[in-house]
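The values are calculated or read from the model by the stated rules, or taken from the named source; none is laboratory data. No experiment lies behind these values; they were computed from the predicted model shown. When we count neighbours, we look across all protein chains shown, and the Cβ atoms used for this are built from the backbone with ideal geometry, even at glycine.
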Amino acid sequence: MPVPDAAEDLALLVEAARGAGRIAARYFRDDPETWDKPDGTGPVTEADLAVDDMLRDRLSAARPGYGWLSEETPDSPERLTAERVFVVDPIDGTRAFIEGSSAFSHSLAVVEGGEVIAAVVYLPIRGKLYAASRGGGATLNDDPIRASATADLEGAVVLATKPSLSAEHWPRGVPQVTRVYRPSLAYRMALVGEGRFDAMLSFRATWEWDIAAGALIIAEAGGQVTDAAGAPLRFNAEVPQVPGVLAAGAALHGPLLAARG
């Protein structure tokens, strides 16, 4: 059987993301059952688990040879030997979901050889579906998107938490940027790909499922994404984390990295 190309995998992700959105919408603002994860990494709801179950069943049935990495599924070393791997966050921004905010998303990606080849970030309540395939460009609701062309660090609008702009991360001085925030990391990355914001920063260890889809969306929109030290991102690692993320339009990424010293 021929290996699906990136566009075929993208079509599968789009269909699955829309299905995830329908499930999430049934629980949204309906007081879903919620638990705290035992490892202290945050809350999880019955909606997260229902979406995860559906995505795992649907995607694995369609691509039985692919590995599986999801925030809500116990990890298995079998994915490390798979040629392609689904990297999924069933609901990114669970706290926002619990609070009734529409800024949560579903983040779905296919990784091959450490690189993302197909990606979707979907905000079902807001009706925003970001998508990208390797070499195929990036879109929002099927319209092409481009990352910001801003090159001047001063005055750039950056998506980041408050701690990301503390002095400890900027030995040369905190840059004079305008900080804004959105609760879903995947959504923040998609917004950079859309060009609505100039950059996004995270200096904490970051799970692959939060950023894999957004990384391809930004790259295919003409932006640049690295870890916080400027190294290329690789996915499907044994420990599926990267040491922070720095993403921006291509002209701004270098100045941001240089500002960190």
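Of note:
- One residue stands out in region 129-144 among those that are without any contact (Cβ under 8 Å) to a residue 40 or more places away in the chain and under 18 Å from Gly19 (Cα atoms): the one that is surrounded by the most Cβ atoms within 10 Å (Cβ to Cβ), namely Asn141.
- Single match in Ala7, Ala61, Ala11, Ala17 (criterion: part of a helix (DSSP H, G or I) and more than 23 Å from Gly137 (Cβ to Cβ)): Ala61
- Within region 22-43, considering residues that are among the small types (Gly, Ala, Ser) and either closer than 28 Å to Arg204 by Cα or touching an Asp or Glu at 6+ places or on another chain (Cβ under 7 Å) (or both), the one modelled with the lowest pLDDT: Gly40
- Residue that is in contact with a Leu (Cβ under 7 Å, 6 or more places away or on another chain) and crowded, with 20+ Cβ neighbours inside 10 Å, where the choices are Val111, Val121, Val158, Val174: Val158
- Residues in region 64-83 that are in a loop (DSSP other than H, G, I, E, B) and not charged (D, E, K, R) were compared, and the one that is nearest to Asp142 (Cα to Cα) is Tyr66.
- Arg182 falls short on exactly one of the conditions (1) surrounded by 23 or more Cβ atoms within 10 Å (Cβ to Cβ); (2) within 26 Å of Gly100 (Cα to Cα), and that condition is (1).
- Options Arg26, Arg58: the member that is basic (Lys, Arg), surrounded by fewer than 16 Cβ atoms within 10 Å (Cβ to Cβ) and in contact with a helix residue (DSSP H, G or I) (Cβ under 7 Å, 6 or more places away or on another chain): Arg58
- The number of residues in region 84-97 being over 14 Å from Ile211 (Cα atoms) and buried (at least 19 other Cβ atoms within 10 Å of the Cβ) comes to 4.
- The set of residues in region 145-157 that are touching a residue at least 60 places away in the same chain (Cβ under 8 Å), closer than 20 Å to Arg182 by Cα and β-branched (Val, Ile, Thr) contains only Ile145.
- A Cβ distance below 6 Å, combined with a sequence gap of six or more or placement on separate chains, defines the contacts here; from region 235-261, residues that are farther than 21 Å from Ala119 by Cα reach residues that are in a strand (DSSP E or B) and among the polar types (S, T, N, Q) in the pairs His253/Gln224.
- Only one entry of Phe86, Phe28, Phe104 meets the criterion of being under 16 Å from the mean Cα position of the chain (by Cα), more than 20 Å from Val242 (Cβ to Cβ) and outside the structural domain of Ile211 (by TED's automatic domain parsing), and that entry is Phe104.
- Qualifying residues in region 214-227 (those that are in contact with a Ser or Thr (Cβ under 9 Å, 6 or more places away or on another chain) and farther than 16 Å from Gly135 by Cβ) - the one surrounded by the most Cβ atoms within 10 Å (Cβ to Cβ): Gly214
- Count of region 158-171 residues which are assigned to a loop (DSSP other than H, G, I, E, B) and touching a residue at least 40 places away in the same chain (Cβ under 8 Å): 4
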